[in-house]
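No lab work stands behind these numbers, since they all come straight from the coordinates. What you see is a predicted model; the values in this text were computed from it and never measured. Because the Cβ atoms are built from the backbone with ideal geometry, glycine has one as well, and the counts that use them run over all protein chains shown.
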Amino acid sequence: MNSKFHISFSAVFFGLAACLFLPKAAISKEVTIYSHRHYEADDVLYAKFTEKTGIKVNVVKASADALLERIKTEGKNSPADILIAADAGRLVRAHDAGVLQPATSSKLQAQVPKNMRDSGNHWHAFTVRARVLIYSKERVKPSELTSYEDLATSKWKGRIVARSSTNIYNQSLLASIVAAAGEKKATEWATAVRGNMARPPEGSDRDQIRAVAAGIADVAIANTYYVGLLANSPDPKDRAVAAKIGVFFPNQDGRGAHINISGGGVVKSAPNRENAIKLLEFLTGPEAQASFPETTSEYPLDISGTQSKLLKSWGTFKADKLPLQILGEKNSDAVKIFARARWK
Amino acid sequence: MRGSDYLTPLDSPAAPGLSNDVSDHMPDSLEIQEISKTFPRAVRPALDRVSIVLGDGDILALVGESGSGKTTLLRIIAGLEQPDEGTVAIGGQLVCSEGSSVPPEQRHIGFVFQDYALFPHLNVRKNLLYGLHRIVHRDEREERVEEIVKLAGLDGLEKRFPHELSGGQQQRVALARALAPRPSFILLDEPFSNLDPMRKDTLRDELRRIVKSSATSALIVTHDTRDALAVSDTLAVLKEGKLQQVGSPERVYFHSTSEYTASLFGKVNRIPCQLLEGEDAPQGSPDILVRPADLEITQEVTGGGHIVGKVIASHFRGDFHEVTLECADVETDSGESTQVTIYVGANRKPALGDTVTVRRSRRGEE
Amino acid sequence: MPGLAGNKSKEAQSLSRLFTTGSRLYYLSTSAWWIGAALIALLIAVPLAVVVLTFFDPPSAAWREVVGYGVLGSYLKGTIIMLLGTGLLASVFGIGAAWVVTVWDFPGRKFFSLALMFPMAIPTYVAAYAYDFAKYELRDPMMLWVREKFGPGVMMDANIVFNHALAVFVLALVLYPYVYIAARIGFSEISGAYIENSRLLGRSLWRSLFSVGLPLARPAIIGGLLLVLLEVMNEYGAMLHYGIETLTIGIFNQWYDWEDTDSAIRLAGVAMLVVFVIIIAEMVLRGRSRFHAHHGQRRNLAEKPKTLAGNLLAFGFCLMLLYFAFVLPLWQLLKLASYGLEKVELGDLMSPVAGSLSMALLAGLVILAAALFLAYAARLFPGLSMRILSKMCMLGYALPGAVVVIAMLTATAFISDSLSADSLTTILFTTTPIGLVMAYAVRFMTPALAPLEAGMANIRRSMDEASRILGRSSWGSFFRIHFPLLRLPLLGALIVLFVDILKELPLTLVLSPPNVETLATQTFGLMHKEERFAEGSLPALILVLSGCVGVIILHRLIRRPRQA
């Protein structure tokens, strides 16, 4: 090895190392987002925001837990302005950890319904997803379906598929049932639904929808936007799946369908608080709200006001009014109940 | 033939510069005293109170069979092993005593390993430069390399890598590398064992020439007595960790002080004999040890002291025939007949079954 | 002797001078090696010790639930099924492939003998995603038929069986190269000469392989099989994907969903026990033969198949194996990537790629430096204590990543509690990737240390001694002699480390600082969490390709004739 090699090697090595460790240079007019959402549609929206306001957007994408941990440890020096999570439970947890601050803005007050924001305005939702029943158009009439609770009856024996209980969406659904009916009823429900399954829990929501389309099961529990992802997929097989299934919103005669949100909160130490509030206003504003149904197939905050053809085709629905922070509080109960029900 | 004498006396001049005779006005290159070493779980000591002095400019060959402890001694001198007891002094300075030891890199000695240990990733020149880092000036280093290349006859090989060299060339590089930093003395561990037997003699003489012309003292360890005799000024014989004899090659060969030493250097005939009247020996009736080269076949049968034997075997050995006689009238203590080996010139070979008379050769008498 | 006795005071002086300056420094500088090695070993052993110690604390309520509701039982069942199934199938594939390319000189043999190693380059979880199609195109139609014939209860069971079988099949497809490589070495290098002898004694090649080749190659094959089983123990992404409950999955479940450290540690302890049993089994199976299986000269035993059918059989077997293990998954990824390329701008991919590659290189070099230090320390102090230290450092390789995760986090928490240094966890795991690199070191010290130790063993002792006698210190000798002579093993080890770290999932997933995303976590995130297979196939492809490059370079390195 000659010295030339040594020099060039060291240069490359330290250059790479520097990439890992050096903080990004600061620019005055900017906002930094710590986001759990990985949609490229979000990046498009951020670009639009920059175009409109001249505020540069920095995004750090990672899991919400890791991001929360990072904000906590960075303390006062955290560059984070907004924490964005894909479920209410995580936002509740962030608020409990004391890293969020209230965002007082008349625009936000007007644009975000009350049950979709924290009582103290520490976080605001900007998209809504409903956890619904996906059924086979061939084998199930929508009139046979009623509620989540109905899935526990024996007529669904061997006809249900659902994903693993390690998934946060299932945990939130069960948390809402615990909130509505108590731990004992919820345990009975989980055990019975597990017993009615056509196959052990596996894969994703999308896999459950596929199983219904393939005829393995008749009903699946899944989030609405997965149907959208399949319907808009570049793969023709996915689109064929979407054509075979229907979307049913359960509990319309009762508390309403279980919903969850994506939302964000302004970080307590935010260096660019004003910019952060502007971004939240933008995300909850008309332009962004109109784009979410088209790009990610999520519902806008005004669920019934969507103009999306696909979302409209599923029909309007009544959503559970349960304050979403309850989902966070009941999460650990839900996890334990799933284990007792052997819903792996 | 006088029974009190083990071997026929021979007046050989004492080798000049014999270490034990050197006066102490100049410090010896190496002086080891009472070195003992026992390896863990060994039955007997590898070295048992060994003392050797290596005089300035001297070449000392340490001879012994494998397992005699000679390599261990070499490694102790180099600082690669620690002795249990004893001291090592280099150029008059103690480097090893009472469990404290100067590390090998500070002993300033040279070492030629049995496998030469040439660094395979360095060419000859860089191998030679390796030990010269204490010379500050680059020019001086280069000058020394040039010097040593000439001395060792390595001209034209400087750019070669070790695996591109013949065995003999490798040995010369190893020797040159050891000599380059002008060590107090050099140690050579079995330097001849990896050489082509056909060229071994030439290479051995070459080695001696290089060492001598560099005016460095050397301690050579070898199991080959022929090499030891040819290369050394002084011979030391080691057996099972104990020093047997130290002296000039001629003295050790012809005046071995033990049967072990005598037989180590070549074939010896053991001939039982009786004491003459008036003579006394401590252990009763002794045997005489005679080298085959000191005996010859004779036609004259005069006086006593000769032996008559029947030829029972004869092997061609090139320059001579090795003839084995059975001497029925010379009986051992257990009453068996004695066998005597003689070297006979190729043109004077007796036939099998012949009865011949043996006497001391003229050379022995002179 | 006069020389000594006469100048006693002068000698005493020079002696004391030498011992107070040179020697003390000398011992200090050499003992630094020992202390350094002990520190590295400690770094690795302490987390494991913490797991073992916590195991003896009274159990938490969550642990009682884990045991009480049969969760532990199903974790164990899943683990054992996967171990047995994958071990068996990988052995069939690996030994079969090695046998075919050893015995038969069929067209394409040279190509296959290299190409059959390529499946190694596919990370297990990537293979699992690539085989996702089998669920819809193969399993679901089968299940419908089963339900029609036997009813929904049977379908439930059949579904479970199929998932396990698919998982076993996919894992065996990408893990068999460990057995294949070991068996090839076993057949051609270890038992080659004996097989030749057996043929000279009148036995056919096939009978010779059975009666001499297999028994002699057994220790090597079992060594390869051990690696397969350890990989199965470590598997996270693929098991999650197929919904198979194993101990590794359980550890993460307890940690993430239950947020119960205690039961996670206990599960980690159980996983350690299973690994222990595997290693004991390996030792028993290898038996005494372990030691005399030294490598001889490589022999070419192959002969041309006598019939066309023989040619077709050999060619067909290799082709099928390569197709299912490499071509098909790669094709699936490429197909997905063709969708993905429309969605993703390649420029956006550059930054995670650079981050991932630099992380792997950085961690690889750090681990390599530590391993080099250990290997040289073991050479300087060839005693028992150093051997134990270096064996301790190799322990982490046997442990599943999930166990290492738990061990690292628990140990850090334990230490920061007892030192009341709250920021320790932050420094190690949040603001810097130091903790992640340490965890990699725990897990990957063996692939770094083993080739270096072998390389060191190839450097004759006399080299060290010659260098020392020529006046160089232990450090000086190291940089001038050992380091340059270890170039090849160092390069080999670096490549293995680089590829291993690049595709490592469970450790990276948990311990990487928030802003460090690697190709592995990106693949997992996109494919598993977000189910964006098209986008996820791009980082997955980069992983596979870098793995292939690694395999090719390693193959070249091994084939290179040794320096004289």
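Details
- In chain B, the longest principal axis of the Cα atoms and the axis of helix B:200-213 are about 50 degrees apart.
- The ranking of C:ARG487, C:ARG468 from fewest to most other beta carbons within 10 Å of each one's beta carbon is C:ARG487, C:ARG468.
- The charge dipole of region B:19-264, taken about its Cα centre with unit charges on the Cβ of Lys, Arg, Asp and Glu (plus for the first two, minus for the last two), comes to roughly 600 debye.
- C:LEU557, C:LEU201 arranged by Cβ crowding within 10 Å, fewest neighbours leading: C:LEU201, C:LEU557
- Highest mean packing comes first when the peptides B:122-130, A:139-147, A:299-307, A:318-326 are listed by Cβ atoms within 10 Å, giving B:122-130, A:318-326, A:299-307, A:139-147.
- Surface/4 estimate of mean projected area, convex hull on alpha-carbon atoms of region A:74-151, nm²: 8.3
- Taken about its Cα centre, the protein assembly as shown carries a charge dipole of roughly 4220 debye when the Cβ of each Lys and Arg holds +1 and the Cβ of each Asp and Glu holds -1.
- Taking amide H positions as modeled 1.01 Å from N, with prolines and chain starts lacking one, the residues under 5 Å from B:LYS239 and 5 or more places away or on another chain are B:GLN244.
- Along each principal axis, Cα extent of chain C, largest first, Å: 108, 71, 50
- 0 to 90° range, to nearest 10: angle between helix C:8-18 axis and chain C longest Cα axis: 30
- Degrees, to the nearest 10: C:24-54 long Cα axis against longest axis of chain C: 30
- Each residue of region A:300-309 was assigned a 3J(HN,Hα) from its phi angle through the Karplus expression (A = 6.51, B = -1.76, C = 1.60, θ = phi - 60°), giving x, 4, 8, 4, 7, x, 5, 9, 4, 4 Hz with x at Gly and Pro.
- Here's the picture: charge each Lys and Arg Cβ at +1 and each Asp and Glu Cβ at -1 in region A:73-119, and of A:LEU83, A:PRO113, A:ALA97 the one pushed furthest to the positive end of that dipole is A:PRO113.
- Its alpha carbons considered, chain B gives a radius of gyration followed by a Dmax of 24.3, 77 Å.
- Across peptide C:159-165, the mean count of Cβ atoms from other chains lying within 10 Å of each residue's own Cβ comes to 2.
- Estimated 222 nm signal from helices in chain C, with DSSP H stretches of n ≥ 4 weighted -39500 (n - 2.57), rounded to 500: -24000 deg cm²/dmol
- For region C:119-173, the Kirkwood hydrodynamic radius comes to 11.9 Å, computed from all pairs of different C-alpha atoms.
- Here the 3J(HN,Hα) profile of region A:106-111, calculated from phi with Karplus coefficients 6.51, -1.76 and 1.60 at θ = phi - 60°, is 5, 4, 4, 3, 6, 8 Hz, Gly and Pro shown as x.
- Highest-first packing order for the peptide set A:79-85, B:75-81, C:387-393 is A:79-85, B:75-81, C:387-393, based on the mean count of other beta carbon atoms within 10 Å.
- Note, ³J(HN,Hα) from phi for region A:327-339, Karplus 6.51, -1.76, 1.60, rounded to Hz, x at Gly and Pro: 4, x, 5, 8, 4, 5, 4, 4, 4, 5, 4, 4, 5
- Global size of region C:355-513: 17.4, 51 Å for Rg and Dmax (C-alpha atoms, Rg to one decimal, Dmax whole).
- Taking every residue in C:128-135 and counting other chain Cβ atoms within 10 Å of its Cβ, the average works out to 1.
- Over chain A, equivalent-ellipsoid semi-axes from the Cα gyration tensor in Å: 38, 24, 21
- Peptide B:116-127, shielding by other chains (average Cβ, 10 Å cutoff): 4
- Excluding same-chain neighbours fewer than eight residues apart, the aspartates and glutamates reachable from C:LYS391 by a Cα-Cα span under 12 Å are C:GLU453.
- Pairs of Lys residues in region B:19-264 are counted when their Cα atoms are under 23 angstrom apart and they lie 8 or more places apart or on different chains; the count is 13.
- Projecting the Cα atoms of C:GLY96, A:TRP189, B:PRO40 onto the dipole axis of the protein assembly as shown, where Lys and Arg carry +1 and Asp and Glu carry -1 at the beta carbon, places A:TRP189 farthest toward the positive end.
- Value of Rg to Rh for the protein assembly as shown (Rh from inverse mean 1/r over Cα pairs, i.e. Kirkwood): 1.13
- If the convex hull is drawn through the Cα atoms of region A:151-280, its volume per residue in Å³: 164
- For region C:355-513, the dipole from Cβ point charges (+1 on Lys and Arg, -1 on Asp and Glu) about the Cα centre works out to 680 debye, to the nearest 20.
- Fewest-first ranking of B:LYS150, B:LYS242, A:LYS278, using other Cβ atoms within 10 Å as the exposure measure: B:LYS150, B:LYS242, A:LYS278
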